[in-house]
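As structure tokens, the structure follows; a few thoughts come after it.
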Ligand SMILES: Nc1ncnc2c1ncn2[C@@H]1O[C@H](COP(=O)(O)OP(=O)(O)OP(=O)(O)O)[C@@H](O)[C@H]1O
Ligand code: SF4
Ligand SMILES: [Mg+2]
């Protein structure tokens, strides 16, 4: 049983990011991959939203689509991605590049790969600051040191001169977070930021991300396989399955009362909160092949309670309680939950 240990706090309701009815395809030699469909959600200032789902469900594609850094094979066929009211899909490329670098930032798993192995970490920070901040070099050095302190790197003066190979995995991830924060982003996307780190370091890195999100005027999207981690650090959860967001709700609500058959199975399949969802996956069936014809509900072949209307479009999205939505014709409501 997974419990949300999150302390409930008042979340600013100012919307930073709104994704509306997004559909995205990849054109590949073996066919068109319908990677995202009917994806809608919003992110508010000061909020941390968790994006959870098994491997291949579309979490990273959604993050990369928001940042506009997908390869040429990707095409958004429908929808909007609005950052503070401006649709990023409609603005000129140069403006998008600027917004992306300045207002949105992403941290990935495996920071060692992302860092330049032959440049001191302080200099790497200065390089990023030089793009965003005019002014004297000394100012950038001071800001780089301040960022290293902000991400709680002990002895920043000394660490400024370190090369990535001289730092632990946790320290490298802190440097990545400092690089992401260099431009004071509005939206921070963390894609599996603690994979490969030991439990103590994982907690420290996640605590840092949470604190930074709460201090700054920023919203955070945490992508993770680990439902327990999401439960601890996220205000709301979005559950993805085969390119659809099948359920969205405040964290405590979704854990207490999951309504989509997939969410229910996902939670039931996590007996040990310290194991990750990616490791477990004992849910019957597989994600459908995203090429070719797909049924309105992409969970149809794995669902054990379908109705005839489940095969007829459109896929219905129902509101269970305000802020709790489920894309299902026949959701498990409190009256019918086993
Ligand atoms: N460049 C690409 N070309 C074709 N298909 C792609 C491409 N990138 C991703 N996909 C497909 O999009 C779907 C979603 O992939 P994505 O990487 O977003 O999954 P994920 O939820 O992040 O999985 P994981 O948890 O393993 O990181 C998958 O079916 C994947 O094969
Ligand atoms: S829409 Fe129908 S088939 Fe899909 S999850 Fe709901 S009940 Fe199952
Ligand atoms: Mg991914």
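Where a number appears in this text, it was derived from the coordinates with a stated rule and is not lab data. What you see is a predicted model, and the numbers here were worked out from it, not measured in a lab. Please note: Cβ atoms are built from the backbone with ideal geometry, for glycine as well, and neighbour counts cover all protein chains shown.
For helix 121-132, what angle does its Cα long axis make with the longest principal axis of the chain, in degrees from 0 to 90 and rounded to 10?
The answer is roughly 80 degrees.
Counting other beta carbons within 10 Å of each Cβ, put 186, 137, 102 in order, fewest first.
Arranged by neighbour count, lowest to highest, 186, 137, 102 become 137, 102, 186.
Taking Cα atoms, how many degrees apart are the long axis of helix 199-215 and the longest axis of the chain, rounded to 10 and kept between 0 and 90?
Computed tilt is about 80 degrees.
When DSSP assigns beta bridges and you keep just the ones with both residues in the chain, what percent turn out antiparallel, to the nearest 5?
Percentage antiparallel, nearest 5: 65.
Need one number: % antiparallel among DSSP beta bridges in segment 112-264, to the nearest 5.
So the antiparallel bridges amount to about 55 percent of the total.
Specify the inter-centroid distance of segment 191-255 and segment 105-176, based on alpha-carbon positions, in whole Å.
When both Cα centres are located, 24 Å separates them.
For the pair residue 142 and residue 309, what calculated FRET efficiency results from E = 1/(1 + (r/R0)^6), where r is the Cβ-Cβ distance and R0 = 56 Å, to the nearest 0.05?
The pair residue 309/residue 142 has a calculated efficiency of 0.35.
With a 10 Å cut-off between alpha carbons and a GNM built on the chain, which of 52, 246, 61 moves the most?
Judging by the Gaussian network model, the answer is 61.
Rounded to the nearest 500, what is the 222 nm mean residue ellipticity of the chain from helices alone, with -39500 (n - 2.57) per DSSP H run of 4+ residues and division by all residues?
It lands at -9000 deg cm²/dmol.
In degrees from 0 to 90, rounded to the nearest 10, what is the angle of the helix 93-103 Cα long axis to the longest principal axis of the chain?
Once rounded, one gets 80 degrees.
Report the convex hull volume per residue for segment 1-159, counting only C-alpha atoms, in Å³.
For segment 1-159, the hull spanned by Cα atoms encloses 195 Å³ per residue.
On the principal axes of its Cα set, how long, how wide and how thick is the chain? Give whole Å, largest value first.
Principal extents (Cα only, largest first): 68, 44, 38 Å.
Is segment 103-189 best put as rounded, prolate or oblate by its Cα gyration tensor, with a ≥ b ≥ c the root eigenvalues, rounded for a/c under 1.5, and otherwise prolate when a/b is larger than b/c, oblate when not?
oblate
Output the Cα-based Rg and Dmax of segment 73-138 in Å, rounding Rg to one decimal and Dmax to a whole number.
15.8, 46
Of 20, 247, how do they rank once you tally other Cβ atoms within 10 Å and put the fewest first?
Sorted ascending by nearby Cβ count, the order is 20, 247.
Order these by the 10 Å Cβ neighbour count, fewest first: 289, 71, 235, 226.
71, 289, 235, 226
Apply the a/c threshold of 1.5 to the C-alpha gyration tensor of segment 41-115 and tell me whether it is rounded, prolate or oblate.
Note, shape of segment 41-115 comes out rounded.
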